[in-house]
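Asks: Got a structure here, written out as structure tokens. Questions coming.
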Amino acid sequence: MSDNMSNATTRRFPQLFQPFLLLSAGLTGALVMAVEVLGARVIAPFFGVSLFVWTALIAVTLLALAAGYVAGGRWADRSGSPSLLFGLIAASGALLLLVPFAKAAVLQAALPLGLRWGAFVGALALFGPPLFLLGCVSPFLVRLAASEWNRLGRTVGLMYAISTTGSFLGTVLTGYYLVAELGVSRAFHVSGAILLALAAVYFALFRGQLAALLLPMVALLAGSIPLQQGSVVLADGTEAKVVDSRDGFYGRVQVVDYRGEKGHVREMLIDGQIQGGIDVATGQSVYEYPYLLEHVTLASNPGGKKALVIGLGTGTIPRRYAARGIATEVVDIDPAVVAAARTHFGFPAGQPAHLVDARYFLATAPARYDYIILDVFSGDSTPGYLLSREALELARARLEPGGVLGINLIGSLAGERRMTASVMRTLEEVFPWVRIYPLFVPAAGESMGNISIVAGMGKPADELPALDETGIHPLVRENLRRALAQRYVWNGSGEGIVLTDDYNPIDVLDLTLKEAIRRGILNATPHEILLSGSACIAGA
């Protein structure tokens, strides 16, 4: 019965049917990987980009595909109908179109489950159904294409080769083009449109059902719906509004304005993580850590003339060094961050910014510096390859004889502090001396927050000089005085391990701490801001 159905279905243009099946294998394989890459960008503003988030997304992908392979194989044997196959493909396309509309409700509903299970359940609800349907495709295609048993192996091999090639192209095109050029929501619209168009061509070309060509119109309608602009009035009357949002290669960069009775503050967020903020009227940072890091590095090497800042953020740190007459270069891997810093935070167009991986730059740059500032750590996601012994040895090689390395780290000094201890122990393996300056006060029961670490080649400062409050925002002066008044002595290096390129488990050290940091981000940032760029329905 199934063979008769298949023959009846392919009676029109039979010579095109096998090539069309191969095309279907390539496109569906491409979109499986597109969904996985895009899925990470959907989840990141709420759950971050840490190891367990990627684990949840990969696990959901594998589970959904495995279930799809089983179900698809059974349905192919029972029916063998190409119409059923392309109906499943159309359904998966429709589900992808729904992701930009559903993600706000799904992710907010998943938050009470915690960051680990919330990420898993959110990914399962959003991406499990379309990936399940795409998993059904491969066994169905093999059933339709393998007309002779003595050629089954060749047919299966060709089908999977084309599907895997499609997966390669889908990964590259999504990562290098779709996300940066279209944004995540529009990329889902394009992905859904491709699947709907594939099904429409089948029904129109091989079944003569020309009305099926209207299917891609569903994608056009979905794509025409405006995106949320990210604006909300807070309880104290402050208006929070996203003034710029761009999906870069390495994260979603947002610029958020807060206007209220206390003034006008502007912040930069990457995947929901605050990278810094300024008072728009003065350009001064409204966060303490840039001032602390500047103060302790200059005190450890007074008179330096040249600085390298790794991690631009809002550009506050390099601007302050440059204002002191220090020739300052910047390294940042994300062009979207540099563009936002120049457009919205006053980072000068003439100040050098190298768009390159920091590790590569340290390995190849010919220059030496009096100060190297490492400010790329946001708390719940720490690029550990920049903190391995080998990476720190590269940084040391780029320092002048009296130079210092300054690091801004979010960590803990009580309870779960193994990550901080491991960073300190690794630094102590590479540098003659290391000092640590927390912005919080452990003696007062405060356990985590920003920590400035200074490691040097020459002689450490015995005593920090008095803080020059010129150019420091009034909102943060008292906290800085409080932090600098303490005499914190670090004695926990023995709790850590030496981080190396071969063994660097920094992603899984102090997971509870990192989850607490992410929860703090979610509590501090309105969800309307995090969801800016979602598709919205009038009245929603």
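Throughout, read-outs are computed from the coordinates displayed, never taken from laboratory work. None of the values given here were measured: they were computed from a predicted structure. Every residue, glycine as well, gets a Cβ built from its backbone with ideal geometry; the counts of neighbours run over all protein chains shown.
Asks: Exceeding 25 Å between C-alpha atoms, which entries from my cross-link table qualify? They are Lys305/Lys514; Lys103/Lys514; Lys241/Lys514; Lys305/Lys459.
Replies: Lys305/Lys514; Lys241/Lys514
Asks: Now for a different question. Using Cβ counts within 10 Å as a stand-in for footprinting exposure, how do Val253, Val142, Val337 rank, fewest first?
Replies: Lowest count first: Val142, Val253, Val337.
Asks: Right, here's the next one. Just to check, using Stokes-Einstein with a Kirkwood Rh over alpha carbon pairs, what's the diffusion coefficient of segment 2-224 at 37 °C and 0.692 mPa s in µm²/s?
Replies: Translational D for this selection: 184 µm²/s.
Asks: Does segment 271-424 come out rounded, prolate or oblate by the C-alpha gyration tensor, with a ≥ b ≥ c the root eigenvalues, rounded set by a/c under 1.5 and, if not, prolate when a/b is larger than b/c and oblate if not? List each step's numbers first, then the result.
Replies: Details: a/c = 1.34, a/b = 1.10, b/c = 1.22.
Since a/c stays below 1.5, the shape of segment 271-424 is classed as rounded.
Asks: What is the P(r) of segment 56-129, as percent of Cα-Cα pairs per 5 Å bin from 0?
Replies: 3, 15, 19, 21, 17, 11, 8, 4, 1
Asks: Could you work out the relative contact order of the chain? I mean the mean sequence separation of Cα pairs under 8 Å and 6+ apart, divided by the number of residues, in percent.
Replies: For the chain, the relative contact order is 15 percent.
Asks: Would you mind checking segment 173-196 for residues with the amide N under 15 Å from a putative spin-label position 7 Å along Cα→C-beta of Gln209?
Replies: Counting backbone N atoms under 15 Å from the label point, the list is 196.
Asks: Bin width 10 Å, alpha-carbon pairs only: give the P(r) of segment 283-521 as whole percents, running from 0 to the bin holding the largest distance.
Replies: The distribution over segment 283-521 is 7, 33, 40, 18, 1, given as percents.
Asks: Next question. Projected area of the chain, taken from the Cα convex hull and averaged over every viewing direction, in nm²?
Replies: Hull-based average projected area comes out at 28.0 nm².
Asks: Which value results when the Cα radius of gyration for segment 400-510 is divided by 2.2 N^0.38 Å?
Replies: In units of the 2.2 N^0.38 Å rule of thumb, it is 1.13.
Asks: What nm value, rounded to one decimal, do you get for the distance between Ile225 and Leu98 when each label is placed 7 Å out toward the C-beta?
Replies: 1.1 nm
Asks: Continuing with this model, one more query. What FRET efficiency would be calculated for the residue pair Val156, Val190, taking the C-beta separation as r and a Förster radius of 30 Å, to the nearest 0.05? Mind dumping the intermediate values first?
Replies: Numbers: r = 30 Å, r/R0 = 0.99.
With a Förster radius of 30 Å, E is 0.50.
Asks: Sorted from largest down, what three extents in whole angstroms do the Cα atoms of segment 344-453 have along their principal axes?
Replies: 43, 38, 25
Asks: Here is a further query. Note down the relative contact order for segment 2-224 as a percent, whole number, built from C-alpha pairs under 8 angstrom at least six residues apart.
Replies: Numbers: 309 pairs, mean separation 79.4, N = 223.
That works out to 36 percent.
Asks: Please check which bits of segment 481-516 a label hung off Glu429 would reach, taking the label as a point 7 Å along Cα-to-C-beta and the cut-off as backbone N under 19 Å.
Replies: It comes to 491-510, nothing else.
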